[in-house]
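Below: the structure, in structure tokens.
Every number here is computed from the coordinates shown, using simple stated rules; none is lab data. As the structure is a prediction and not an experimental result, all values here were calculated from the model. Positions of Cβ are generated from backbone atoms using ideal geometry, with glycine treated the same way; all protein chains shown enter the neighbour counts.
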Amino acid sequence: MAKPNLRYLLPLLFAIVNLSASAPSPPPSQTCPLDFSHVTRIPWNTTDCQTYDRSVERKNSCCQSVLTLVGIPLAHRLKQTSNFRLPNLATSVSCLNDLEKNLESLSLPPNLTSLCFDPNQFVINNETCAGIQTTNDWISRLGSKTALDSACATGLTDLTRCDACVAAGFRVQTQLISLDGNSSHGVYCYHFAVLYAAGIVNKSGPEGGDALSCLFSLSLRTPLSSKKKNHKVVALVLGLTGAGLAVMAITGLYLRFCRVVKRGEVGWEEQESRPKWRPNTGSIWFKIEDLEKATDSFSQKNFIGRGGFGFVYKGVLPDGSVIAVKKVIESEFQGDAEFRNEVEIISNLKHRNLVPLRGCSMVDDESGSQRYLVYDYMSNGNLDDHLLSNKTPLTWPQRKSIILDVAKGLAYLHYGVKPAIYHRDIKGTNILLDVEMRGRVADFGLAKQSREGESHLTTRVAGTHGYLAPEYALYGQLTEKSDVYSFGVVVLEIMCGRKALDLSTSGSPNTFLITDWAWSLVKAGRTEEALASALLRDEGSGMSNPKGIMERFLQVGILCAHVLVALRPTILDALRMLEGDIEVPPIPDRPVPLAHPSYRIDGNGITLSPALSGLQIHSGDMLR
């Protein structure tokens with residue numbers, strides 16, 4: 001089970017600001033009761049805060065990290081004083097000043113707290129969630145034991161136990177919302193649930209591995225570990241160093257071999273005109289002359305389109321077989337090693353629902369290395385070419401088949417190979433359609449191998465806005481469920497006949513997000529309105545209960561594209577739901593943005609309140 005990334009729960013913890021147009025002037029400063037020494041003690045990753053002005057994504061990622069640094073002492077204080085928040089605005093201002101000093105000691109910009117926070121958001125009031133201000137209030141409303149007490153006490157570094165704790169948090173949130181009577185307070189209620197789990201329930205406390213890795217999921221430069229583990233790491237490093245030297249030697253010999261072949265010192269390709277198998281892979285090593293001849297020197301008439309990492313051209317080999325040649329853009333591959341990594345990965349993947357790699361080519365010239373990947377040509381283009389086509393819209397059987405094909409292809413990548421492969425860029429243009437209109441997952445230029453059961457933090461987020469899972473887009477947290485989110489968006493596009501993301505719907509300022517739009521209609525009992533009109537026309541074609549199956553597919557898409565990792569199914573479970581082997585669970589609530597009154601939903605899209613602009617939450621941030 002994939003480890004949930006709860007960094008994007010931090011907006012649920014703290015990100016709801018005071019929405020009043022003008023806040024009163026703070027009273028004289030008071031002493032802050034929070035200890036921020038952990039800011040310099042915990043090895044958290046400060047990279048995004050050092051470069052927050054380079055992109056909106058980095059700014060939000062920085063603010064989420066700093067918000068976590070506030071959450072840790074708030075949880076400590078909850079345990080010590082039973083108070084969930086700070087007593088007044090002056091205290092909150094004082095605490096933010098203390099936090100700022102600690103951040104500046106790390107040579108970070110001096111304005112981070114004002115950039116990220118409104119001090120009112122940390123002040124206690126009776127209108128937050130069911131009137132709860134203290135742990136006594138909590139117990140009086142929920143009882144002495146909740147789902148959190150059994151699920152979040154210990155062992156949260158284990159992936160399965162962490163998922164169980166998250167699920168318990170949402171059960172408690174549901175109870176609190178019911179008591180409060182105002183669903184817009186759902187964000188605050190989850191805020192209290194996480195603080196209670198970290199400060200009261202978990203045995204290792206707010207700074208322990210359980211809280212940092214699961215409840216707060218703070219991105220760390222180095223893992224927190226015991227001396228015993230450090231000894232193991234040293235031994236592992238020594239072992240890997242020896243292995244690394246061997247690999248370097250082998251790689252050096254391999255690169256020399258490639259140069260020798262290109263210079264003609266080994267006569268494989270000079271002896272015969274037909275291509276030969278590339279050593280150590282199942283792919284063919286093509287001569288560049290053959291690819292130029294096949295594509296008419298990569299002429300514009302053979303240009304198919306832009307793919308991940310390069311431009312794609314149609315070609316015909318001497319034996320009459322049709323190919324697609326991707327001319328790799330040099331700047332997007334980090335040297336020959338990354339190119340070889342893609343070739344090694346793809347050439348060993350064999351599945352009906354993946355686009356097979358035929359071979360590759362690499363040429364060194366005055367301008368540098370030119371690299372090429374050669375695939376089987378898919379005669380019906382990509383899914384995007386057909387989704388919004390008014391001439392020949394996809395039929396229901398075709399849509400159903402394509403969705404199942406993509407699910408099976410992803411299931412193979414996640415579970416059929418070791419180590420698992422995360423695609424990272426599932427979208428319509430990366431789903432190609434063969435001559436039978438069967439779906440094939442393509443473009444593994446962004447693929448990333450993983451060790452089984454692990455999630456990954458990476459500073460190199462790859463993918464496309466509208467399809468990126470929130471935890472991956474904002475924090476670089478990559479798991480198998482990041483692909484599941486993207487798959488869910490594609491399912492919704494296929495079922496709804498609409499694009500994932502539209503920043504200019506009908507010329508209005510509204511942002512159309514298919515995940516929120518479909519969710520709102522299904523939750524309102526208006527499922528049929530979300531289905532593409534072409535599907536409703538197909539409904540009367542004599543098939544057995546097609547509308548019921550269509551609605552199931554739509555629900556699976558919504559579930560897969562849930563904002564919270566823990567509430568998404570694995571791709572295997574999603575496939576079983578699609579095929580009717582298991583029931584689709586009730587569609588859970590989405591804490592952002594629908595739980596917040598600052599969002600208005602109309603028939604076309606979602607409008608963000610101007611009050612949220614202070615948080616720098618923009619539609620492109622994918623905090624959905």
| task | Please give, to one decimal in nm, the separation of the simple spin-label points placed at ARG171 and VAL363, each 7 Å out from Cα toward the Cβ. | result | 6.3 nm
| query | ASP35 to PHE311: extension gain in nm, 0.36 nm per residue of separation minus the Cα-Cα distance? | reply | 94.0 nm
| Label-to-label distance, nm, for residues given as ASN125 and GLU436 (7 Å Cα→Cβ offset) | 6.2 nm
| query | Sorted by mean Cβ packing within 10 Å, highest first, what order do the peptides 165-173, 471-479 take? | reply | 471-479, 165-173
| query | Between THR154 and GLU289, 0.36 nm times their residue separation minus their Cα-Cα distance comes to what? | reply | 42.4 nm
| message | Give me the extension gain from LEU572 to LEU106: residue separation times 0.36 nm, minus the current Cα-Cα distance, reported in nm with one decimal. | response | 163.3 nm
| said: I'd like the Karplus ³J(HN,Hα) series for region 171-176: coefficients 6.51, -1.76, 1.60, θ = phi - 60°, whole numbers in Hz, and an x wherever there's a Gly or Pro. | reply: 5, 5, 4, 4, 4, 5
| field | Sequence-distant residues sharing a close amide H with LEU220 (under 5 Å, placed H) | value | ASN45
| How many nm separate the modelled label positions at LYS79 and LYS301, each set 7 Å beyond the Cα in the direction of the Cβ? | 7.4 nm
| log₁₀ I(q)/I(0) of region 31-113 at q = 0.13, 0.14, 0.20 Å⁻¹, via Debye over equal Cα point scatterers, no solvent, to two decimals? | -0.41, -0.47, -0.91
| query | What order, most packed first, do the peptides 404-416, 87-99, 553-565 have when packing is the mean number of other Cβ atoms within 10 Å of each residue? | reply | 553-565, 404-416, 87-99
| Considering every Cα-Cα pair within region 109-154, what fraction, in whole percent, is farther apart than 16 Å? | 60 percent
| remark: Amide H proximity to ALA153 below 5 Å, modelled H, separation 5+ or other chain, gives none
